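Before any comments, here is the structure.
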Amino acid sequence: MSDFNLHTLFHTLTESNPLTEARLTTGQRQQLIHLTAQQYQQAQTAMALFFPEEALTLAVQQQVAFIQAYYQEFEAFCQKQLKFQQPIAEPLWNFWLPLAFGLKQMRDQQWDQQRLWIQGIVGLQGTGKTTLACILSWILQKWGYHCLCLSLDDLYLPYSDRLALQQEIPYLIWRGPPGTHDVDLGLTLFKALRSQTGQTGIWVPRFDKSRHGGAGDRGEPESIKHPIDRKST
């Protein structure tokens with residue numbers, strides 16, 4: 001099924017009442033199941049990583065429910081906030097949704113509910129780590145979780161401190177190497193996140209790459225009022 005056909009089908013789903021059965025014909029539902037099963041066999045999607053083959057039908061039902069409730073809102077988010085111009089139906093169905101649902105299952109079933117759940121994303125510069133984190137966070141928040149996207153960039157030393165560091169170690173012209181991050185700030189932040197309650201908010205540091213001609217500096221911190229990694233009631 002092409003991305004265009006998926007897009008058309010998803011818009012059809014959003015036109016039905018979210019409180020009733022999705023308005024899928026038997027043929028359309030079988031198309032989705034066949035599409036997912038085919039890609040499962042090719043092991044090219046996140047579906048193959050998180051769901052056993054016998055659970056494909058259930059996984060499809062979960063994804064259909066999400067599409068029905070949120071597809072148009074998600075599409076608008078991608079276009080306005082992430083500046084996407086390319087179609088999003090195929091990556092949403094084949095990768096973002098199963099990955100987010102797999103993380104949700106791991107969080108709910110395999111993790112100590114009293115501990116802070118942290119999922120790291122590793123990749124080279126420009127490979128889409130921030131974009132993926134924003135998408136997963138958006139989806140998980142629709143499932144009732146309070147998420148926080150944090151980059152290691154947010155933990156850089158202030159510009160003045162990095163200038164002083166360059167005087168001691170001249171090859172540290174660019175940010176990124178060990179020594180350019182504020183380790184104490186990171187430890188303090190994670191401690192605050194672990195101890196956060198419903199009555200206390202925290203301030204999260206944010207890094208502004210546009211300052212000082214691209215060298216970057218700390219920007220305005222972000223106020224987080226809801227406890228992170230707690231499911232809404």
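Where a number appears in this text, it was derived from the coordinates with a stated rule and is not lab data. Please read all numbers here as calculations on a predicted model, not as lab measurements. Cβ sites come from the backbone with ideal geometry, for glycine too, and all protein chains shown count toward neighbours.
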Once the in-chain neighbours fewer than 8 apart are removed, the lysines whose Cα is under 21 Å from Lys83 read Lys129, Lys142, Lys209
Residue span Leu132 to Thr200: 0.36 nm per residue of separation minus Cα-Cα distance leaves a gain in nm of 21.6 nm
The ³J(HN,Hα) series, computed from each phi in region 214-219 with the Karplus coefficients 6.51, -1.76 and 1.60 at θ = phi - 60°, rounded to the nearest Hz and given as x for glycine or proline, is x, 6, x, 7, 5, x
Counting sequence-distant residues (5 or more places) and residues on other chains, those with an amide H built under 5 Å from that of Arg218 are Tyr159, Asp208
Label model pair Leu124, Leu185: point-to-point distance (7 angstrom along the Cα→beta-carbon line) in nm is 2.8 nm
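Starting from the Cα-Cα distance between Lys225 and Ala65, subtract it from 0.36 nm times their residue separation and give me the gain in nm to one decimal.
54.7 nm
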In terms of the charge dipole of region 161-210, which places +1 on Lys and Arg and -1 on Asp and Glu at the beta carbon, the residue among Pro177, Gln166, Thr188 farthest towards the positive end is Thr188
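Within 9 Å, Cβ to Cβ, of Leu157, how many net charges do the neighbouring residues add up to if Lys/Arg are +1 and Asp/Glu are -1? Write down the numbers at each step before the final one.
Values: positive: Arg162, Arg175, Arg218; negative: Asp161, Asp182.
Neighbourhood net charge equals +1.
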For Tyr156, other-chain or 5+-apart residues with amide H closer than 5 Å (H placed, Pro excluded) are Asp182
Of 201-214, 134-147, ordering from highest average Cβ density within 10 Å down gives 134-147, 201-214
Taking placed amide H atoms and a strict 5 Å upper bound, the residues 5 or more places from Tyr145 or on another chain that come that close are Ser232
For region 54-210, the dipole about the Cα centre with charges only on Cβ (Lys and Arg +1, Asp and Glu -1), to the nearest 20 debye, works out at 120 debye
Note, region 156-161: 3J(HN,Hα) by Karplus (6.51, -1.76, 1.60, θ = phi - 60°), whole Hz, Gly/Pro = x, goes 5, 4, x, 4, 4, 5
